[in-house]
Each structure stands twice: as C-alpha cells, then as structure tokens.
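Single-structure report; data block below.
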Amino acid sequence: MAANMYRVGDYVYFENSSSNPYLIRRIEELNKTANGNVEAKVVCFYRRRDISNSLIMLADKHAKEVEEESETTNEADLTDKQKHQLKHRELFLSRQYESLPATHIRGKCSVALLNETESVLSYLDKEDTFFYSLVYDPSLKTLLADKGEIRVGPRYQADVPDMLVEGELDDREQAKLEVKVWDPDSPLTDRQIDQFLVVARAVGTFARALDCSSSVRQPSLHMSAAAASRDITLFHAMDTLHKHNYDLSSAISVLVPLGGPVLCRDEMEEWSASEASLFEEALEKYGKDFNDIRQDFLPWKSLTSIIEYYYMWKTTDRYVQQKRLKAAEAESKLKQVYIPTYNKPNPNQLSSNSGKPGAVNGAMGASYQAQTSLIGRACESCYATQSHQWYSWGPPNMQCRLCASCWIYWKKYGGLKMPTQTEEEKLSPCQTTEDPRIRTHMSRQATQGTPVRNTGSPKSAVKTRQAFFLHTTCLTKLARQVCKNTLRLRQAARRPFVPINCAAIRAEYADRHCEIVGSPLKIKSTRKPLSCIIGYLEIHPAMKPNVVRSMPSLQTPAAKRMLATPNHSSRSILGKRNYSHHNGLEERSCCISD
C-alpha cells in the first residue's frame, strides 16, 4: 500500500513508451482534472543519452575535475563494468516543468545531489538510486554547475588554531581580525541608550518629512515613523554612539549636522513598487536562485541588494499574506495519490518457450514470424540463453532480445548491464585503429542507444549502409551538351539545393533537336588523296633552274648563284605554306582555268 502511494516531492519513474527507458521526474503538484483524472506537475531530469555528445564531453570534464579535488574512491580504481553502469546513474537536473498523467507512474526512485564525501560505489550498491551535479537547459542546450551544492569537505572547513596558554601573546595580525563595533560594558545605562535611539528615530522621521521622494512614498506620518524605526536607523545610531566613545552630547550633534538631519534608508525603501512586483514574480518562478532572478528580471540591481531585500521582504506583512494564500492553495490540492501496480503485458514481450505464440498488442501474423526467428538467440546484454521471459529490443530488423533482468535494467537505467565492445575500447587505455569508419559508426550507434549485435561474426557487428549510384542516360548526357546556356552546370553545382528547371531544359532540347535533324550536314574539307597529288606531279613536272656560269676575272666581281624557285603559291609570313597550297586547291583552280 505504501509503495503505491505517491506524494508531492517523490522521485518517480514515468513510462511514455513501451520500448524506451523510463522518464525520471520529481512530483511538484498533484492536480485533479475536470474529467476526474489526476495529473502530476513534475520537474524533468535527463539522462546522458538525452543530451548531445559535446555536452557529454563537458560533463566528463567536470566529473574529472571533481574527482581530482575529492578524496574519495578514484574512478580509475573502478572496473570497466562499474564505470559503464555508473554513467547510467548520472542525471542532469533541469528547470523545465511538464504535466503527465499519474497513471503512467511505474515506481519510485531516489535522486540526490552528488556528495563529494561519499564514494561513487554507494550509488551502484543501492537500487533505483541516481545522482546529479549539473543543470541542463533544454532550450539553450547548455550545462551549468548546480548552485545549490552542499559545501561539505576539507575545502570548506575553517582552520581552528590552538588555544593560547595563559599569559601567551597573540601573534596574529589584528588588522585582519574582526573589528569591535559595540561594547556591552559601556558607561551608559540601558535607559540612556534607549533614549538616544528614540532621538535617532525622531531625527529619521523629520528627515523623511524634508525629503521629497520619501514624502511621496510615505505620505502619512505613521508610514514615515515606521520607516524611521527600521534596523538601518538603529544601526546607524549605535555605530555613531560607539565611535564617539558613548558620549551622548557629541553623538547627538553628529545626528544633525550643519546640512540637515541624516537620512538612512535600506533596500526596502530604495526599491519601487514595480521592482517589488518583479521580484515577487521572479521568486515565484526561480525560488531562491538569486543569480537567475538578477539575470532575467532585475539586471540593474546588484546581487547583494537582491539578497538583502529578500530577507527584509520576509519581515513584511505581504510575505505573511502570500504564505497564508499558498498554504490555503496547498490545502485544496491533492497531497498524495494511489496508483495500483501496472500488470499489463508489454508489447515487446516475446512468446513463451513452449512455442505457443502470445497475443502481444493484438499481433498474430508477422509478429509471430519475427518472434520465432529470435528463438535461440542470446541476451544482448548478459549473453544469457535461459530466461523465464524474453523481450524484443532495438529495431525490428536487428532481431535482438533481452532477458527479463536486463530488460528491467534497460527500462530503469537506460542502458545495458554489460559494456559493448565499442565501449570497452573507449574505456581501455590502448585503442586499436583497424578501421576508423567501423569504429565511428559503432560509437554513433552506442551513443544513440541502437543495439550492436555481437554474434561472433565481424560482418554482423555493424549495420551496413546500402550503396547506390546515379545512372545517367544517353539523352541526359546529350542534353548537357545541347542546353549548356540554360543548364549552366557550374552555377548549379555551387547551389546544390536550388532545383533545376527541367521543363525548360526539356523544351529547349526538343527545339534544338528539331533544328539539328532538319538542317543538312556540313561536310568539312578533307585533304586530297595521295593518288591525286601523284597525278598532278606527273602532268606538271618540276622545271630545272637555268644556271649562268661565267669565268671569274679581276675586273668583275664574282656573280652570285641565282636559283629559280617555282612559284607554286605565296608563302606566309613565317615562310611556311598555307592551308590551300598544302591541300592542292590552287593547282586545282589552275587546271580549271586552263
């Protein structure tokens, strides 16, 4: 009976999916809906599998820093299995609230702030026990240290010196010690001190009457006198009396200097009505988290001012009224709710070992074939082959299953009891680098909670990706060449997400194709065959040049040898034959003219 009774403040398991692990929540309120059902307003806790890899690395770095500072069991002393299971016990607190049906509660658990003085093994030894040390913001995707940490340990202990022997001198530096602000053994009597405090209150009331801003805030004499009777005025009067060695005449003269009476105000008087309402709204949302109150609601106020105002605000009548209203609301709300034990069969539950299929979730056809294919497989976590009940786990195409104890562990802690092969490689100091693609793919599966099968075959250890290739038709290749102006492959490659207008390319290709088919083919000029050139040379033999020979004499200089070159065609600038001469076009024209 007590186990099924859930109260405000309990940490509970919620089930939102038959195959996923439980959600861990803390009950803040229990409300009854219009149709008679009970809803729970809860605070969300997140597991490591619910946050990104970058934040997990940040959490591991923070845990390493805490481990170095603490004097408890070092994580290096733990086994691989203990390290693996310890990660399942770590949660991340959030400021997010949500409402869930109370009928989805599946049991109680315990969540505590990480105690640095305790060993981490204490969380593994207890069932349904979790811890947290960081706060996760789902909207901003950030991790921050919890400001409400318990300051326990040697770092926060004061160094108490040994007691001085009678007659021994105190060698400590007196300037660094506390300063005396009041002497109870003063020459004044209690009556004289009370009379001086009455004078200080009267001076404070008169100072508020002269101040314009104070007269607006406290228009009546009662309010001014009440403000003058606050602690700030009494502290100022007692400090003045102590500084003047408890001389009443000199202390009274300081209360009213030449410029007028001294006005002392505290944070309660300095804050406006709008600022006070903002503070009450922030306090309702964040509680006593003064850093968040200052950041989101009162950034122009200092943290010291906000804290001082809070403790003064608790002495006002408004705080008392709000406390009474909250107590009345709490009386009208539910304080506890009874949820019976959930006994319905899980849809992932496989058929019994007798071979008789069970009607799971109304499925009898394809599900029975999938269940029969799982018969004989070992548990994916503990590799056991005998269990009174089996559960399908992971994607259907993987055909994995868990035994009853590992299934309960999966639902509660969000992981497998035993570390997989990939996680063992991460935990071991020396890692093998056989195939980085396989290791990367497996680490992503392990991070996302996808089961990695260990059947002994290296091929079945990784889920293979389906390969594909893009087959281009001949018409597509031809359209790329014909429609270059419209397609513009370079611009299309630079903008891969901009769609290509296939209709315009198809229309242009159709028009260009008709033009190509309708127009006659242009035949390029080719070189003349060798037989034609030989025939031309037989008809037009080469003429021998006439050489004039003369006898050299002393009077006349020797004549130069003149060679008559046949004028076949004009040469180019570089002295080479042009294209028409090389192909024999000029000779052909000469034959036609003859």
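The values are calculated or read from the model by the stated rules, or taken from the named source; none is laboratory data. It should be emphasised that the depicted structure is a prediction, and the values quoted were computed from it without experimental measurement. Note: ideal-geometry Cβ built from the backbone for every residue, glycine included; neighbour counts use all protein chains shown. With ligands, DNA and RNA removed, areas are computed over all heavy atoms of the protein, side chains included. Shrake-Rupley method; radii C 1.70, N 1.55, O 1.52, S 1.80 Å.
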Inset, instruction - Could you figure out which of (1) touching a Leu at 6+ places or on another chain (Cβ under 6 Å); (2) outside any helix (DSSP H, G or I) isn't true of ALA251? - result: (2)
Inset, instruction - Check segment 68-91 and report whether any residue there is without any contact (Cβ under 8 Å) to a residue 40 or more places away in the chain and not in a helix (DSSP H, G or I). - result: yes
Inset, instruction - Find all pairs meeting these conditions: Cβ atoms under 9 angstrom apart; at least six residues apart or on different chains; first residue within segment 475-503 and free of Cβ contacts under 8 Å to residues at least 40 places away in the same chain; second residue of a type in the set (Gly, Ala, Ser). - result: CYS483/ALA504; THR486/ALA504; LEU487/ALA479; VAL498/ALA492; ILE500/ALA492
Inset, instruction - State all residues of segment 2-58 that are part of a loop (DSSP other than H, G, I, E, B) and without any contact (Cβ under 8 Å) to a residue 40 or more places away in the chain; if no residue qualifies, say none. - result: ALA2, GLY9, SER17, ASN20, THR33, ALA34, ASN35, GLY36
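Checking the conditions here, which among SER52, SER17 is within 20 Å of the chain's Cα centre (by Cα) and surrounded by fewer than 12 Cβ atoms within 10 Å (Cβ to Cβ)? Break it down stepwise before answering.
Details: SER17 fails: within 20 Å of the chain's Cα centre (by Cα).
When all the criteria are applied, what remains is SER52.
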Legend entry - Where LEU169 falls short, out of the listed (1) among the hydrophobic types (A, V, I, L, M, F, W, C); (2) open to solvent by less than 70 Å² (accessible area, probe 1.4 Å); (3) free of Cβ contacts under 8 Å to residues at least 40 places away in the same chain: (2)
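Between HIS104, HIS88, which is surrounded by 18 or more Cβ atoms within 10 Å (Cβ to Cβ) and within 30 Å of THR341 (Cβ to Cβ)?
Answer to the selection: HIS88.
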Inset, instruction - For segment 114-130, state whether one or more residues are in a strand (DSSP E or B), among the polar types (S, T, N, Q), modelled with pLDDT of 90 or more and surrounded by 14 or more Cβ atoms within 10 Å (Cβ to Cβ). - result: yes
Inset, instruction - Being surrounded by fewer than 10 Cβ atoms within 10 Å (Cβ to Cβ) and either in a strand (DSSP E or B) or among the aliphatic types (A, V, I, L, M) (or both) is the filter; apply it to segment 134-160 and report the residue that is modelled with the lowest pLDDT. - result: ALA158
Inset, instruction - Name, by its number, the condition in (1) farther than 30 Å from ILE307 by Cβ; (2) modelled with pLDDT of 90 or more that does not hold for LEU241. - result: (1)
Inset, instruction - List every residue pair whose Cβ atoms sit under 8 Å apart, with the two residues 6 or more apart in sequence or on different chains, where the first one lies in segment 411-423 and is modelled with pLDDT of 75 or more and the second, anywhere, is among the acidic types (Asp, Glu). - result: LYS411/GLU15; LYS412/ASP128; LEU416/GLU380; PRO419/ASP80
Inset, instruction - Looking at (1) at pLDDT 85 or above; (2) assigned to a helix (DSSP H, G or I); (3) within 36 Å of the chain's Cα centre (by Cα), find the lone condition where TYR383 falls short. - result: (2)
Inset, instruction - Give the number of residues within segment 275-306 that are assigned to a helix (DSSP H, G or I), open to solvent by 70 Å² or more (accessible area, probe 1.4 Å) and without any contact (Cβ under 8 Å) to a residue 12 or more places away in the chain. - result: 4
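Considering every residue within segment 247-266, establish whether at least one is of a type in the set (Asp, Glu), within 22 Å of SER305 (Cβ to Cβ), open to solvent by less than 60 Å² (accessible area, probe 1.4 Å) and at pLDDT 90 or above.
Just the residues of segment 247-266 that are of a type in the set (Asp, Glu), to begin with: 247, 266.
Filter once more, keeping what is within 22 Å of SER305 (Cβ to Cβ): 266.
Among the residues that remain, those that are also open to solvent by less than 60 Å² (accessible area, probe 1.4 Å) are: 266.
Narrowing further to those that are at pLDDT 90 or above: none.
Checked segment 247-266: no residue is of a type in the set (Asp, Glu), within 22 Å of SER305 (Cβ to Cβ), open to solvent by less than 60 Å² (accessible area, probe 1.4 Å) and at pLDDT 90 or above.
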Inset, instruction - Return yes when SER186 is under 26 Å from the mean Cα position of the chain (by Cα) and polar (S, T, N, Q) and no when it is not. - result: no
Inset, instruction - Please find, among SER352, SER367, the residue that is in a helix (DSSP H, G or I), modelled with pLDDT under 85, out of contact with any Lys or Arg (no Cβ under 6 Å at 6 or more places or on another chain) and polar (S, T, N, Q). - result: SER367
